[in-house]
């Protein structure tokens, strides 16, 4: 696949997330996808998840624990099988009403039209503070 094809895969993944179509999003992933967020104290959905089941668990926990107030991918950079998406988001923790947000970078690995890897870079201190 071309780099632009890979960007389209990532853009469709974001569209599926934004519309709540998690089943379609999971269908875009390889069976052995690795989904990595930084480890964040008191945040159960942080860390490494393996396979579609692990990613499904991630999205379930995310929906249970926080509401999205804003989520905006703004820029896509592709090279070979990697797509980097840069954006901003804002979340509200359901348990305490605290909000956090900021800039993020997501690095996707795309092979044969499937997402095989994901790594997020974000302000972990802001998230940890919101979950205190």
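Compared with the dominant principal axis of the Cα atoms in the chain, helix 3-18 is inclined by about 30°.
Helix 51-65 and the longest principal axis of the C-alpha atoms of the chain enclose an angle of approximately 30°. Tell me whether the stretch 71-132 comes out rounded, prolate or oblate; compute the Cα gyration tensor, take square roots of the eigenvalues as a ≥ b ≥ c, and use a/c under 1.5 as the rounded threshold. It is prolate, given that a/c is not under 1.5 and a/b is the larger ratio. Mean shadow of the stretch 3-130, computed from the convex hull of its alpha carbons, in nm²? Across all orientations, the stretch 3-130 yields a mean hull projection of 6.8 nm².
The reciprocal of the average 1/r between distinct C-alpha atoms defines the Kirkwood hydrodynamic radius, which for the stretch 48-87 equals 12.4 Å.
The value of relative contact order for the stretch 3-130, using C-alpha pairs under 8 Å at least six residues apart, is 26 percent.
Since every read-out is calculated from the coordinates, none of them should be taken as a lab result. In this text the structure is predicted, and so the values were computed from the model without any measurement.
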